[in-house]
Structure formats: C-alpha cells, structure tokens
C-alpha cells in the first residue's frame, strides 16, 4: 500500500472539495486518429455494460431485458455462448476474472443480489455468492484477487433522488469480495463497507449514498466510487476495507443550452452539480476523470443536476483541477448530435468513460447518453483536454470498454440494443 497517499486522503476526509478550477478553452485537435465503426447486433437486444477479456479475444455484454450475458468473439464481434441468469436476477454489470471466467452481478430487489461466476467457454454458471441489495457496477483488482461492487440499492427512485424520502431505510454500500481462495460457492469472502456522508455538506441524501461506478488503482490499493445522486466520490482503502475520504463533487459554472426551445444555443449561464457517474484513472494513476451525468434535475438552490462535463481530479489530494465547461455541448452541436429536448433538464448526460494510451496519446472516451455519440479527448496533458473527434454510435450508449490488442472501443447501446465497435486507426 502507498502509505503516504492514504495519510493524505485521511487528512482530507473532512475537507469540502470541488471548488472552482482553472478551465482551459477546449479546442479541436488536428486529426491524428481515424475512426471506423461497425455495429454488432445482439440476439436479445438491451445491451448495457460491456467488458473485454485481458487477452482481447472475447467481450461480454449484459442484456437486462433478456436477463442474459452474451459473449462475443473479437475483433469482428461474432456471437458465441450466452448465459441465462433470469432465475437469479437482472444482470447489471460483468467483468472478466481472467481470459475465460467472468463475474456477473445480478440484482433481485428487494432481496440480496448475487455475484455469479460464469464460464465463457461452456456458457454456464459455475458458482453463486450472495451480496448486498441492488448491485450495480463491478471492477476487479486481478493482482490482489479482489472485486469491488457498488451496491446502489435504488430503494426509492423518485423524480428527485435528493428528496431523501423517509421510507428509504436501506443505505447503499460497497462490497469487497476476496476471491483469492477460489471462485466456488462459499470460497469467496464478502466484506460490506458502509459510506458515511453525515459530514459532507454537499450530500443530497446523506443517509443513502447510492454508489454508482467503480475505478481501481491497483498500485495504490485504492478504489474510487462515484456517489452520483449525492454528488460525491468515495475513496476506499482495499487493504483496510475502509472509506478514507469522501470528496464533494461541487458545482461547475459555464455557458450551456438550458432551454428546451427547439434551438441549439449555448448562451445561457448554467450552474450544475457535477453528479459524476463514470470514473476512470489516468494510466499513471495521478489523475481521476469523471463523466458528470447528473441525476437530480434542478435542485432547490437552482442548480442543474449534471455538470455536462468531463472533470479532472488530482487522484492523490482530491483537488479538482479542471473540467471541460461548455465543450461537450458545443461539440455535439457541431457534429449534429445535440438533443435540445434535454436542455432544460440534465442536458447531454455524459455517462461512461474510459482512459487509454494509443500511439503515444492518452485518450479519454466519454459516452454521451443523450447524444448518440462518444467524444474522444486527448488528455495527454490532463489539465488541457483537447477534442479529437465525435463519433456516432447507437441510441443511449451506456457501457464502454477499450480493447488494446484490437484497437477497438466497444460501446454498449441500451435502447438500440447493439454494440458499436469503433476501431482507431492512423489517418
């Protein structure tokens, strides 16, 4: 474990972060990459989360409607085996343990969810382990043989999740699963880590953290978990199984289209709670990047839910370094993917994010749920993101996965029920 880092984070636990940062003007880069897309149609539709095997030969896609996970052979995406988890629950996320076996998390609210081990070669369930209520995202630290699961537990979904209804008595949490002894039933140890938001002024519903998405820094032994409705990020020490810090997401101020009037006009002043959803680390672990989707509409203080931004944080101190301001909306207008009907609510809703290195560039790919596209940023200098391109995908892109061996970004499109494979090539 990186002890100095843990000490710094512990010191920051009581500090309210997310204050204004220096924001560069996000410009369009000269073309250094070309993007070629292909559509992979799935037999049962409803694609949500996609993940690739470490060797890049397979992908797994969750299909909530059919309550299955579908395996694809890469790079062409030919459908292979499929695992039906309908008798267990609704699959919400999946990740490869190794090149053959996968973890599948299934929710069965209001009962406990289940962590399923699936065999991609035989298309069968190997084992099942009970976890907490309402599991959502999962990430793995293969070196430590740990899985981190966001137990969102959407007990009372209302128009404004920050309303914090009195009947909501089941706080979400994080499950840390130690599978070092094996992945058979009864062999995995599950530790539930609560998240206390009582000292966080920016929390909309401090009694219900609702963990959303997970990114792991294996070198530091730390997991970052977004708490979207509470506009926060929790930092968890994987060795101690404890929350060492919670960062306030703060607000962003920039121009935006805040009116549903049939005109794409980035001229209104917007104050928005970031409410981050997707989260990813830079390859060197120094920076944390979030896709600031939002989930709460307009809050009582007049702030919009959702920053409509990608934000960059110092992964050690939690300091907000910059965000992309109005760049996402302007890029969508220019590319013809802007949905004005979302302007008076949460806007384009940046949701998923992955960060990877290709041809010497560090790229952040951000899925735009209400913009049918992925925006590629060059974040080689994370303090000055540069737009590389905007690439059209299916309807309501949800999950993203980078496959370095095939130079493909896989995008699971929830409503169109397919996967877009974007191949990155030299121009």
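The values are calculated or read from the model by the stated rules, or taken from the named source; none is laboratory data. It should be emphasised that the depicted structure is a prediction, and the values quoted were computed from it without experimental measurement. Don't worry about glycine lacking a Cβ; one is built from the backbone with ideal geometry, like all the others, and counts go over all protein chains shown.
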Q. Based on what the data block shows, is residue 157 closer than 17 Å to residue 212 by Cβ, at pLDDT below 90, in the same structural domain as residue 55 (by TED's automatic domain parsing) and not in a strand (DSSP E or B)?
A. yes
Q. Yes or no: residue 384 more than 14 Å from the chain's Cα centre (by Cα), surrounded by fewer than 21 Cβ atoms within 10 Å (Cβ to Cβ) and not in a loop (DSSP other than H, G, I, E, B)?
A. no
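From 66, 56, which residue is modelled with pLDDT under 95, buried (at least 16 other Cβ atoms within 10 Å of the Cβ) and either out of contact with any helix residue (DSSP H, G or I) (no Cβ under 8 Å at 6 or more places or on another chain) or in a loop (DSSP other than H, G, I, E, B) (or both)? Give the steps one after another, and end with the answer.
Numbers: 56 fails: modelled with pLDDT under 95.
Going through 66, 56 in turn, the sole match is 66.
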Q) So which of 104, 133 is surrounded by fewer than 22 Cβ atoms within 10 Å (Cβ to Cβ), assigned by TED's automatic domain parsing to the domain that holds residue 193, closer than 23 Å to residue 241 by Cα and free of Cβ contacts under 8 Å to residues at least 60 places away in the same chain? A) 133
Q.
Among (1) within 23 Å of residue 235 (Cβ to Cβ); (2) buried (at least 16 other Cβ atoms within 10 Å of the Cβ), there is one condition residue 270 misses while meeting the rest; what is its number?
A. (1)
Q. Taking the stated definitions as given, is residue 87 outside any loop (DSSP other than H, G, I, E, B) and either modelled with pLDDT of 95 or more or within 20 Å of residue 154 (Cα to Cα) (or both)?
A. no
**Q.** Residues (without any contact (Cβ under 8 Å) to a residue 60 or more places away in the chain and closer than 27 Å to residue 277 by Cβ) located in segment 111-130
**A.** 111, 112, 113, 114, 116, 118
Q | Of residues in segment 344-369 being within 19 Å of the chain's Cα centre (by Cα) and modelled with pLDDT under 95, the one surrounded by the fewest Cβ atoms within 10 Å (Cβ to Cβ) | A | 346
Q. Given (1) outside the structural domain of residue 218 (by TED's automatic domain parsing); (2) buried (at least 24 other Cβ atoms within 10 Å of the Cβ), where does residue 341 come up short, assuming only one miss?
A. (2)
Q. Exactly one of (1) in contact with a helix residue (DSSP H, G or I) (Cβ under 9 Å, 6 or more places away or on another chain); (2) without any contact (Cβ under 8 Å) to a residue 40 or more places away in the chain is unmet by residue 301. Its number?
A. (1)
Q: Give the number of residues within segment 192-235 that are buried (at least 20 other Cβ atoms within 10 Å of the Cβ), over 21 Å from residue 317 (Cα atoms) and modelled with pLDDT of 95 or more.
A: 2
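Somewhere in segment 405-415, is a residue surrounded by 20 or more Cβ atoms within 10 Å (Cβ to Cβ), out of contact with any helix residue (DSSP H, G or I) (no Cβ under 7 Å at 6 or more places or on another chain) and assigned to a loop (DSSP other than H, G, I, E, B)? Walk me through how you get there before you give the answer.
Taking segment 405-415 and keeping what is surrounded by 20 or more Cβ atoms within 10 Å (Cβ to Cβ), we get 408-414.
From the residues that got through so far, the ones that are out of contact with any helix residue (DSSP H, G or I) (no Cβ under 7 Å at 6 or more places or on another chain) too are 408-414.
Filter once more, keeping what is assigned to a loop (DSSP other than H, G, I, E, B): 414.
Yes: segment 405-415 contains one or more residues that are surrounded by 20 or more Cβ atoms within 10 Å (Cβ to Cβ), out of contact with any helix residue (DSSP H, G or I) (no Cβ under 7 Å at 6 or more places or on another chain) and assigned to a loop (DSSP other than H, G, I, E, B).
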Q: Hey, can you tell me all the residues within segment 297-314 that are in contact with a strand residue (DSSP E or B) (Cβ under 9 Å, 6 or more places away or on another chain) and surrounded by fewer than 24 Cβ atoms within 10 Å (Cβ to Cβ)?
A: 297, 298, 299, 301, 302, 303, 314
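If you check residue 120 against the conditions, is it out of contact with any helix residue (DSSP H, G or I) (no Cβ under 6 Å at 6 or more places or on another chain) and under 23 Å from residue 236 (Cα atoms)? Give the steps one after another, and end with the answer.
On the way: out of contact with any helix residue (DSSP H, G or I) (no Cβ under 6 Å at 6 or more places or on another chain): yes; under 23 Å from residue 236 (Cα atoms): no.
So residue 120 does not fit the description; no.
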